[in-house]
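The values are calculated or read from the model by the stated rules, or taken from the named source; none is laboratory data. This one's a predicted model, so the numbers in the text were calculated from it and none came from an experiment. We place every Cβ from the backbone using ideal geometry, glycine too, and count neighbours over all the protein chains shown.
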Amino acid sequence: MRIRVLAFARLREILNAAETTVELRDGACIRDAWAALAASCPALEEHAASTRVACNSKLVAFEHALHDGDEIALLPPVGGG
């Protein structure tokens, strides 16, 4: 299945793209998509614990099951005042 991935802030810089796609096996979850991205961009892995993920505009856990055509957004922590 094909998943669209949107990345923001520092995660966009690490992936060197604001948007990409990943091909995953049927039955994959967010964690599988993260692993596929981290395989090509190992620096991404250190951000796993602090990153939130939205699937189709709803915040979800890394165990959330994906379906063909889903869109996930990688959301790093936000700071500021």
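Structure above, values below:
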quantity	calculated
Counted residues, region 56-74 - those being free of Cβ contacts under 8 Å to residues at least 24 places away in the same chain and not in a strand (DSSP E or B)	2
Test: residue in region 9-19 that is in contact with a Pro (Cβ under 8 Å, 6 or more places away or on another chain), at pLDDT below 95 and of a type in the set (Gly, Ala, Ser)	yes
Subset tally (residues that are touching a residue at least 40 places away in the same chain (Cβ under 8 Å) and either farther than 18 Å from residue 66 by Cα or hydrophobic (A, V, I, L, M, F, W, C) (or both)) for region 35-55	0
Boolean, residue 25 is at pLDDT 95 or above, basic (Lys, Arg) and in a loop (DSSP other than H, G, I, E, B)	yes
Which listed residue is farther than 17 Å from residue 3 by Cα and not hydroxyl-bearing (Ser, Thr, Tyr), from 28, 54, 49	49
Positions within region 2-21 being free of Cβ contacts under 8 Å to residues at least 12 places away in the same chain and either part of a helix (DSSP H, G or I) or crowded, with 19+ Cβ neighbours inside 10 Å (or both), in sequence order	12, 13
Complete set of residues in region 22-81 that are of a type in the set (Ser, Thr, Tyr) and crowded, with 16+ Cβ neighbours inside 10 Å	51
